Amino acid sequence: MKRLVVLLLAVWPAFGGLQDPLRVGVGAVQRKLTLQEAVELALANNLEIEIERTNTATASASVRAAQGFFDPALRWAPGIESRSLPAVSMLVAPDGKLAERSVGHNLQFEQRLPWNGASFQLNFENSRQSTTDPFVGLNPYLMSRLDFSFAQPLNRGRAIDSQRTEIRIRRKQLDLSETEFERKTIDIIAQVEQRYWDLVAARQQAAARAEFVEWAREQLARTKRGIETGTVPAVELAAAEAELQRRLDTWYAGVATVTEAENALKQLVVGGAESPLWDEEIVPLDEHSTAPPQVQTLDELVREARRSRPELKVIAAQNDINGVNKQLNSNLLKPQVNLVLAYASAGIGGSVRDTENPITATTAALYERVNRLSSQAGLTQLPPVAFGGLPGAQVGGYGTSLSNLFGGRFPTLRAGLEIEFPFRNRTAEANLARTAIAERRLRFERARLEQAIQVDVRNALQAITTARQRITAAEASVRAAREKLESETRLFETGESTNFLVLTRQNELADSRLRAVVASLDFNRAVARLQQAVGGTLKAYGVTPK
């Protein structure tokens, strides 16, 4: 038996030496990070934040799209038309066919005003026409017309309409999107805090377990020396070795937990799968959280949460959107009364027809004979038949037409009302009822959320208080367990204790150390939870969502 023990002691260093556990994907480069730096990396690189940022950009583009309703519209309609029409009068066309030709350049400008639902329209028409109608005095002639009309709703559509509703809703949705972005940012920061403290705790636990392994090695060495001197029975060697292997197992598992916690943090702070940070070891520089918000009472915390929590801002934005829909549907139930004002002016200019008047041409031979006979009889001749001519102001080209147009020679004024009485609008009535239901539901949602905020604040504050007490108790437990271990070790070295008792004291100290780490982790988490519960996460890190 003694020879077996000596053999084991001889070969143990060959296979029992400690090596650091392998960590997959972690190189020799270390990246030392404070919590503030980790948060800044996440805000710069986190993909979920980038996705949410695109949603905000989309909402902003939607606002601009809705405002497009008020963009002015200018239409130009050039055209040419040649008409051949049947004539029902031989005076118009002896051959029964009237030929006309028209060339037009028409402009139309429309503008919806963003105030009180008003709109106006401006038409500028220009045409050059020629005809075979012998009774037309100007051929060809140019006609210009300027028409301005203005419409103003006096009842329905004055305060709000579908288009302005769309713009207001899109703006509220942009506010909602920005609030959602703020909420996502807070959520990511809170996750970074949790993962950061998880990594801190995992590294502390792994370091503690590595130290526990060293304790087991030291105890195994004491056992070997005791066996060699005969103060310790040989059977104690197996117990010491078994305990060492058990602690090695927990150490290896702890190192794996470090890798998992590190990967969870990396997932939040890197910008993609190709980032070099994936191959670096993250070394947290902060081990303790900053002090929690200092307030006098729980009520102050709750009031601060109600002022700052983005969830309540979301409810407020949704309520505003519902209010806009309510206003629109109430307005749609009113009669439509529009004031319409219009002004028009026309101008004309053309060339005087150089052909003979068809009426006088048919009697020209008769007048000539009558006048000849009158002369022979000594009678006074008949005066020539004339129908007069067009005013000189209408004879000319396009400039003459414009001069008549803007000179106001041919004005037209119009004013009136357009009244529409809807007998019933069941769609608007139903939508109005829906907005009332939605308003009620949002009121309940807000009350429920305020209750949840109350719970969040209370639980977070309680968690901080409890974690502080646990830290104090764990530190006291560590001190007491260390004293017991040191005493038991001295007794073992003098042969007054057993290997079992020493290992038991070591496990008690290890348990106290790990409980202290967990208590510190819970305190750090509770501080982050309280900041999130009162809506102070962004302020704590000096972050302004963009």
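Figures for the structure shown
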{"quantity": "Condition check for R217: assigned to a helix (DSSP H, G or I), open to solvent by 40 Å² or more (accessible area, probe 1.4 Å), touching a Gly at 6+ places or on another chain (Cβ under 9 Å) and among the charged types (D, E, K, R)", "calculated": "yes"}
{"quantity": "Among (1) in a helix (DSSP H, G or I); (2) under 30 Å from N319 (Cα atoms); (3) open to solvent by less than 50 Å² (accessible area, probe 1.4 Å), the one test that I160 misses", "calculated": "(1)"}
{"quantity": "Selected residue (only one of F135, F109 is open to solvent by 40 Å² or more (accessible area, probe 1.4 Å), of a type in the set (F, W, Y) and at pLDDT 90 or above)", "calculated": "F109"}
{"quantity": "Any hit, the stretch 517-527, residues being free of Cβ contacts under 8 Å to residues at least 40 places away in the same chain, open to solvent by 30 Å² or more (accessible area, probe 1.4 Å) and in a helix (DSSP H, G or I)", "calculated": "no"}
{"quantity": "Selection status of Q454, assigned to a helix (DSSP H, G or I), closer than 27 Å to W197 by Cβ and in contact (Cβ under 8 Å) with a residue 60 or more places away in the chain", "calculated": "yes"}
{"quantity": "Search result, residues across the stretch 114-143 that are in a strand (DSSP E or B) and farther than 28 Å from A87 by Cβ", "calculated": "S119, F120, Q121, L122, N123, F124"}
{"quantity": "Count of the stretch 455-504 residues which are under 55 Å from the mean Cα position of the chain (by Cα) and of a type in the set (A, V, I, L, M, F, W, C)", "calculated": "12"}
{"quantity": "Subset of the stretch 442-456 [surrounded by 12 or more Cβ atoms within 10 Å (Cβ to Cβ) and not polar (S, T, N, Q)]", "calculated": "L442, R443, E445, R446, L449, E450, A452, I453, D456"}
{"quantity": "Whichever residue in the stretch 457-501 is of a type in the set (S, T, Y) and in a helix (DSSP H, G or I) and, among such residues, is most open to solvent (accessible area, probe 1.4 Å)", "calculated": "T472"}
{"quantity": "Pick from the stretch 65-98, criterion β-branched (V, I, T) and open to solvent by 100 Å² or more (accessible area, probe 1.4 Å), ranking: modelled with the lowest pLDDT", "calculated": "V88"}
{"quantity": "Residue pairs meeting the criteria (Cβ under 6 Å; at least 6 apart or on separate chains; first surrounded by fewer than 17 Cβ atoms within 10 Å (Cβ to Cβ), in the stretch 337-348; second not in a strand (DSSP E or B))", "calculated": "L339/L154"}
{"quantity": "Enumeration of residues in the stretch 229-277 that are outside any helix (DSSP H, G or I), over 25 Å from V200 (Cβ atoms) and open to solvent by 30 Å² or more (accessible area, probe 1.4 Å)", "calculated": "G230, T231, P233, A234, V235, A273, E274"}
{"quantity": "One residue from L449, L485, L530, L514 being hydrophobic (A, V, I, L, M, F, W, C), closer than 30 Å to T223 by Cα and out of contact with any Lys or Arg (no Cβ under 7 Å at 6 or more places or on another chain)", "calculated": "L514"}
{"quantity": "Residue pairs meeting the criteria (Cβ under 6 Å; at least 6 apart or on separate chains; first closer than 24 Å to R101 by Cβ and at pLDDT below 95, in the stretch 143-155; second open to solvent by 40 Å² or more (accessible area, probe 1.4 Å) and charged (D, E, K, R))", "calculated": "R145/E125"}
{"quantity": "R171 of a type outside the set (D, E), in a helix (DSSP H, G or I) and open to solvent by 40 Å² or more (accessible area, probe 1.4 Å)", "calculated": "yes"}
{"quantity": "Selection status of T223, over 30 Å from L33 (Cα atoms) and either touching a residue at least 60 places away in the same chain (Cβ under 8 Å) or of a type in the set (K, R) (or both)", "calculated": "yes"}
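The values are calculated or read from the model by the stated rules, or taken from the named source; none is laboratory data. Every value quoted in this text rests on a predicted model; they were computed, and no experiment measured them. Because the Cβ atoms are built from the backbone with ideal geometry, glycine has one as well, and the counts that use them run over all protein chains shown. For the accessible areas, the whole protein counts, side chains as well, though only heavy atoms, and no ligand, DNA or RNA atoms are used. Shrake-Rupley method; radii C 1.70, N 1.55, O 1.52, S 1.80 Å.
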